[in-house]
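Working notes for the structure below.
The values are calculated or read from the model by the stated rules, or taken from the named source; none is laboratory data. All of these numbers come straight from a predicted model, not from anything done at the bench. Cβ: placed from backbone, ideal geometry, glycine included. Neighbour counts: every protein chain shown. Side chains included, ligands, DNA and RNA excluded: accessible areas come from the protein's heavy atoms. Shrake-Rupley method; radii C 1.70, N 1.55, O 1.52, S 1.80 Å.
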Amino acid sequence: MPYAHVRGVNLYYEDRGQGLPLLLIPGALGTGLTDFGPQLEALPQAGVRVIVPDARGYGKSRPPQRQFPLDFYEQDAQDCAALMDTLGCQSYAVGGWSDGAIISLLLTLQQPQRVSKLAIWGGNAYLATEDIEAYEATRSLSSWSPRMGDAMKAVYGDELQDLWSRWCDAMLALYCAGGELCRQRLDLIRCPTLILHGGKDPLVPTFHADVLKAGIAHSRLHMFPDGKHNIHTAFASEFNRLLLEFLRS
């Protein structure tokens, strides 16, 4: 199994295909295998090299135990940059879902000369009251769908509830600290950016996609009117087509 020693930890990563490097960044608690199955299957066949890390403290990148300091998103972005350096990727596209979208934005801000294109979905540049309310509604695993719960329990077992509760606590701490993630710096993102969003996303309201579109100069927004949070799996064929068209344009 591929591991890279990055900034003091061993990061597990999937590395499939050859061609244009695309770094995909999973959502909260997610891994390449739990979050990006359809992309790991289809994109390498289309001539894309897909690289997907398990963030430190998630999935197969354990130990260490996952920690959530106020700058944990920034730390994850630094880990991703270091991984791509280790793999010898001087220029690459980045795609991120949910938490991975936030990390992708921060990585693009940290490495503007390295990130050639950016695709984000189900993400946000700041935390609003509506977000905290949505997260709190999911704090108990009993509120999760069986599909999501079973997939994450297969990775974390009995540790899942504590890990998710600590993530919810981290969101509340960030909100109480002002809620700023990168909204005030969106104008610094200059690379072509594709924003995708589900019109019925229960976790990330559409106004977040509108803020991203307004703030990033070279961006366009594509809506999935009936999509929820996981548009890349629920509408995998259409999503992959749009992503490939964007990467090749």
Query - Members of the range 1-32 that are outside any loop (DSSP other than H, G, I, E, B), aliphatic (A, V, I, L, M), within 21 Å of residue 102 (Cβ to Cβ) and open to solvent by 10 Å² or more (accessible area, probe 1.4 Å) - result: 9
Report summary line: Of (1) within 25 Å of residue 201 (Cβ to Cβ); (2) in contact (Cβ under 8 Å) with a residue 12 or more places away in the chain, residue 133 fails just (2)
Query raised in the report: For the range 4-46, how many residues meet the condition of being touching a residue at least 12 places away in the same chain (Cβ under 8 Å) and within 27 Å of residue 161 (Cα to Cα)?
Result: 21
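Here's the yes/no breakdown for (1) at negative phi; (2) under 18 Å from the mean Cα position of the chain (by Cα):
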position: 135; (1), (2): yes, yes
position: 157; (1), (2): no, no
position: 165; (1), (2): yes, no
position: 171; (1), (2): yes, yes
position: 174; (1), (2): yes, yes
position: 186; (1), (2): yes, yes
**Report entry** Filter result for the condition that a residue is over 24 Å from residue 31 (Cβ atoms) and either aromatic (Phe, Trp, Tyr) or at pLDDT 95 or above (or both), over 156, 175
**Finding:** 175
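One line per residue, one yes/no per condition, for (1) among the basic types (Lys, Arg); (2) in contact with a helix residue (DSSP H, G or I) (Cβ under 9 Å, 6 or more places away or on another chain):
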{"position": "82", "(1), (2)": "no, no"}
{"position": "87", "(1), (2)": "no, no"}
{"position": "90", "(1), (2)": "no, yes"}
{"position": "97", "(1), (2)": "no, yes"}
{"position": "124", "(1), (2)": "no, yes"}
{"position": "135", "(1), (2)": "no, yes"}
{"position": "147", "(1), (2)": "yes, no"}
{"position": "151", "(1), (2)": "no, yes"}
{"position": "169", "(1), (2)": "no, no"}
**Report entry** Of residues in the range 212-235 being surrounded by fewer than 17 Cβ atoms within 10 Å (Cβ to Cβ) and among the aliphatic types (A, V, I, L, M), the one nearest to residue 148 (Cα to Cα)
**Finding:** 234
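For the range 70-93, enumerate the residues that are polar (S, T, N, Q) and outside any helix (DSSP H, G or I).
Within the range 70-93, 90, 91 qualify.
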Query raised in the report: Taking into account only those residues within the range 176-205 that are in a helix (DSSP H, G or I) and touching a helix residue (DSSP H, G or I) at 6+ places or on another chain (Cβ under 7 Å), which is surrounded by the fewest Cβ atoms within 10 Å (Cβ to Cβ)?
Result: 187
Query raised in the report: Picking from 173, 214, 209, which residue would you name as being part of a helix (DSSP H, G or I) and touching a residue at least 60 places away in the same chain (Cβ under 8 Å)?
Result: 173
Query raised in the report: Within the range 137-148, restricting attention to residues that are at pLDDT 95 or above and part of a helix (DSSP H, G or I), which residue is surrounded by the most Cβ atoms within 10 Å (Cβ to Cβ)?
Result: 141
